[in-house]
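Report on the structure given below.
The values are calculated or read from the model by the stated rules, or taken from the named source; none is laboratory data. This structure is a prediction, so every number in the text was calculated from the model and none was measured. Using ideal geometry, Cβ is built from the backbone for each residue, glycine included, and neighbour counts are taken over all protein chains shown.
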Amino acid sequence: MFNFESFDTKVDTEVIGRNFIYSEEVESTNSFLLNKSNKFNSEGTILLAEKQSKGRGRKERVWYSAKGQNLTFSILLTSKKYFGKKFNLLNFATSLSVAFALENLFQLKTELKWPNDVLVNGKKICGILLESTSQGNKIERVVIGIGLNVNQALFQGNFNLEPTSIKLELGESVDREKLLAELLNTFEEILQKMESKPDEIMKDWKDRCNLIGEKISVTEEGNTKYGIFEDLDEEGFLLLKTKNKIEKIHFGDLNSAQ
Amino acid sequence: MDLNLIKKLVKIVDTSEITDLEVEENGLRIKVAKKLRTFKTYEQPQVIIGNAPLQETQEKNSLTEGTISATEKPANVHEIKSPIVGTFYRAPAPDADSYVQVGDTISQGAVLCIVEAMKLMNEIESDVSGKVIKILAENGKPVEYNQPLFLIQTS
């Protein structure tokens, strides 16, 4: 059971998480907040669920999380100031916030995988899925879904990338309330930097991305490309250097090809 | 609008010494002009067309860098454009049905497609009610910011 009072004494944000919804079980925290008919419209609204019956990643891949042990939640953003050309920096701002929180609270060494996975010791500790809706070409709302493995000690099944949790890395359970508060405090701070210092976000992000400069493969829709992970452009797209050109990659599953 | 006519005009301009060509037929004016680009060693054709079959022209490599402006789009045809750069998907998952087909009647707020960039899935809803008369982008292919995706005929 999530202790809201304990969380509330530690959270220090102005907007993010000030409207807080707690649920024992929902289908998907992202779907719930994205759905306008549920009438939650306040900027920074958080929906935290102990269990998602239809938790998912991109392209409806399933996200498994044991009930009550982790942090599975979504953040709603409706402010148009984030929806401009650098909209995609939200991917980097979010994953960087998770990395900072894990480093600050538990001194874990984190690694970031393009575009937004957070890894510890080469294993996935956090998955992020951003979803937005637009009417025509006007983006109306963005929901940032975060699945952070906290106190789950056992992961069964086949995974694209081996999972881990904070408990598995530290050998002990940690306080979810303190972690969520730290994460939201950090996220709000980084969000403010999106306008004033976007370069700083990208620099901090790239500092944690070990694959830059390496040979990689990028697989999307069964099609694999090989090249050197040259850099990220200012919008965060991956620049893949192949034989005679630099290609801008919108998305793909990345692997080292050393 | 005869697309082949535009292609022929572009070819004529592209392979000849002339820099621009203007044709008027049945009230539709088509102007094809070459513009010298400093970073390329050859001349790039620039296309300005009045009545816009935007997508077909953009799909042709020879035309992708031209300037295309629609000045005489019929009043009851509404364009849905992409709000972001990304990959265009007509269905929520690879094995799922498409959100809409050409000929479907849709109401405002109906989901038309997803454009994905990195791990950001943007669901695009129609901002008008009407009939889908054309789907201008190809499933699984990249689309640019503000690229037209659908033509909706409003009633």
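Starting from residues that are acidic (Asp, Glu) and within 25 Å of A:Lys86 (Cα to Cα), keep the ones in region A:212-258 and report whichever is farthest from the chain's Cα centre (by Cα). Only one residue fits best here, namely A:Glu247. Among the residues making up region A:75-119, those that are under 14 Å from the mean Cα position of the chain (by Cα) and more than 29 Å from A:Lys248 (Cβ to Cβ) are A:Leu76, A:Ala101, A:Leu102.
Is it the case that A:Glu177 is away from chain B (no Cβ under 13 Å), outside any loop (DSSP other than H, G, I, E, B) and within 17 Å of A:Ser97 (Cα to Cα)? Against the criterion (away from chain B (no Cβ under 13 Å), outside any loop (DSSP other than H, G, I, E, B) and within 17 Å of A:Ser97 (Cα to Cα)), A:Glu177 qualifies. Just one of the listed residues (A:Glu131, A:Glu111) is under 17 Å from A:Met202 (Cβ atoms) and touching a helix residue (DSSP H, G or I) at 6+ places or on another chain (Cβ under 9 Å), namely A:Glu111.
For region A:230-249, the count of residues that are out of contact with any strand residue (DSSP E or B) (no Cβ under 8 Å at 6 or more places or on another chain), within 13 Å of another protein chain (Cβ to nearest Cβ) and not acidic (Asp, Glu) is at least one.
Against the conditions (1) under 22 Å from A:Leu96 (Cα atoms); (2) without any contact (Cβ under 8 Å) to a residue 24 or more places away in the chain; (3) within 14 Å of chain B (Cβ to nearest Cβ); (4) polar (S, T, N, Q), A:Asn223 satisfies every one except (1). Tallying residues that are loosely packed, with under 15 Cβ neighbours inside 10 Å, of a type outside the set (Val, Ile, Thr), part of a loop (DSSP other than H, G, I, E, B) and at pLDDT below 95 within region A:214-244 yields 6. State yes or no: is A:Gly44 surrounded by fewer than 22 Cβ atoms within 10 Å (Cβ to Cβ), more than 12 Å from chain B (Cβ to nearest Cβ), at pLDDT 95 or above and out of contact with any Asp or Glu (no Cβ under 7 Å at 6 or more places or on another chain)? In short, yes. Select from region A:137-156 the residues that are more than 16 Å from A:Thr78 (Cα to Cα) and modelled with pLDDT under 90 and list them in ascending order. A:Gln156 - this is the single residue of region A:137-156 that is more than 16 Å from A:Thr78 (Cα to Cα) and modelled with pLDDT under 90. Mind checking whether some residue in region B:110-131 is in contact (Cβ under 8 Å) with a residue 40 or more places away in the chain and among the basic types (Lys, Arg)? No; the residues of region B:110-131 include none that is in contact (Cβ under 8 Å) with a residue 40 or more places away in the chain and among the basic types (Lys, Arg).
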